[in-house]
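Participant: Below you will find the structure I want to go over with you.
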Amino acid sequence: MSDAAPPARTAAVIPAAGRGVRLGPGAPKALRALNGTPMLIHAVRAMAASRAVSLVVVVAPPDGAPEVKNLLDTHALPERTDYLVVPGGATRQESVRLGLDALPGDITTVLVHDAARPLVPVDTVDAVIEAVRDGAVAVVPAVPLADTVKRVEPREKGEPEPVLATPDRATLRAVQTPQGFARDTLVRAHRTVTGNVTDDASMVEQLGEPVVVVPGHEEAFKVTRPLDLVLAEAVLARRRANDGF
């Protein structure tokens, strides 16, 4: 009998249980149409475009799992990629944990990807996976900041806010997704860190584990406002014109 280790398998968890109030009233943000196709489908296809991703777990609104499963059933995905739909929780953190709980035992690398980043290029996905497989326990794609950043003293909305400092922009990065993790490390973070966090990498930071950055991409922006939808449509139009996307 061979003692060789089983091949590494990668899964992507996409929390899509939020409503996305900044986009205005209507369907949950992940189900908003982008070029006639729900953003969630674009996000799932972006993960499935990587040959290293063998499973995509979509974490649906608690009462919307059947609807999301029907949606995925009606859109073509690569045959090499399986998918699961599980009900989510009240917070993003809880939804990611529920997605982790649904993973089969042979998954070694986990990506966590925002459904609201539907246009991340496959090269970025592959770069994150490769960095984890090369030994990093937590990897985030990120891009340099174009704007000067000020640290301020928060005030009520609309009131002037005193500037406290101007950080060196060269040391700052805008973090994107998918974020990649060694499965055991991410599971331990979700079992250990109970405070509210903005992303999974910050949970790993709280464990004292190192997080590394790989280059992100300008097209992996997050769709949160109506203007972002316009920009995303423009990116898709350019892809169709240039690549037949």
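The values are calculated or read from the model by the stated rules, or taken from the named source; none is laboratory data. Since we're looking at a predicted model, the values are computed, not measured. Heavy atoms of the whole protein, side chains included, go into the accessibility calculation; ligands, DNA and RNA do not. Shrake-Rupley method; radii C 1.70, N 1.55, O 1.52, S 1.80 Å.
Participant: Ordering His113, His190, His75 from largest to smallest accessible area (1.4 angstrom probe), what's the sequence? The partial results should precede the final answer.
Facilitator: On the way: His113 0, His190 20, His75 45 Å².
Largest accessible area first, the residues go His75, His190, His113.
Participant: Mind listing the Cα extents of the range 10-151 along all three principal axes, in Å, largest one first?
Facilitator: The Cα atoms of the range 10-151 stretch 45, 39, 29 Å along the principal axes, largest first.
Participant: Still on this structure, I have one more. Ignoring any ligand, DNA or RNA, what whole percent of the accessible area of the chain comes from carbon and sulfur when the probe is 1.4 angstrom? Please report the intermediate quantities before stating the final value.
Facilitator: On the way: 6790 of 12830 Å².
Roughly 53 percent of what the probe reaches on the chain is carbon or sulfur.
Participant: Which of rounded, prolate, oblate describes the range 83-149, given a ≥ b ≥ c as roots of the alpha-carbon gyration tensor eigenvalues and a/c under 1.5 marking rounded, otherwise prolate only if a/b is larger than b/c? Mind dumping the intermediate values first?
Facilitator: Working: a/c = 2.05, a/b = 1.32, b/c = 1.55.
Here the range 83-149 falls in the oblate category.
Participant: For Asp82, what residues show an amide H to amide H distance below 5 Å, using hydrogens built from the backbone and excluding near sequence neighbours?
Facilitator: Excluding prolines and chain starts, which carry no amide H, the hits are Leu55, Val56.
Participant: Rounded, prolate or oblate: pick one for the range 142-201, where a ≥ b ≥ c are the square roots of the eigenvalues of its C-alpha gyration tensor, a/c under 1.5 means rounded, and failing that, prolate if a/b is larger than b/c, else oblate. Mind dumping the intermediate values first?
Facilitator: Details: a/c = 3.28, a/b = 1.71, b/c = 1.92.
It comes out oblate by the Cα gyration axes.
Participant: Determine the shape class of the range 107-219: with a ≥ b ≥ c the square roots of the Cα gyration tensor eigenvalues, call it rounded for a/c under 1.5, and otherwise prolate if a/b is greater than b/c, oblate otherwise.
Facilitator: Values: a/c = 2.13, a/b = 1.54, b/c = 1.39.
The shape class here is prolate.
Participant: Report, in deg cm²/dmol and to the nearest 500, the calculated mean residue ellipticity at 222 nm for the chain, where each DSSP H run with n ≥ 4 adds -39500 (n - 2.57) and the sum is divided by the residue count. Can you show the working numbers first?
Facilitator: Values: 7 runs with 76 residues, N = 245.
-9500 deg cm²/dmol, from helical runs alone.
Participant: Further, regarding this structure: Skipping prolines and chain starts, which residues have an amide H placed within reach, meaning under 5 Å, of the one on Ala138, given they are 5 or more residues away or on another chain?
Facilitator: Correct list: Ala182, Val212.
Participant: Could you provide, to the nearest whole Å², the per residue accessible area of the chain with probe 1.4 Å?
Facilitator: Dividing the accessible area of the chain by its residue count gives 52 Å².
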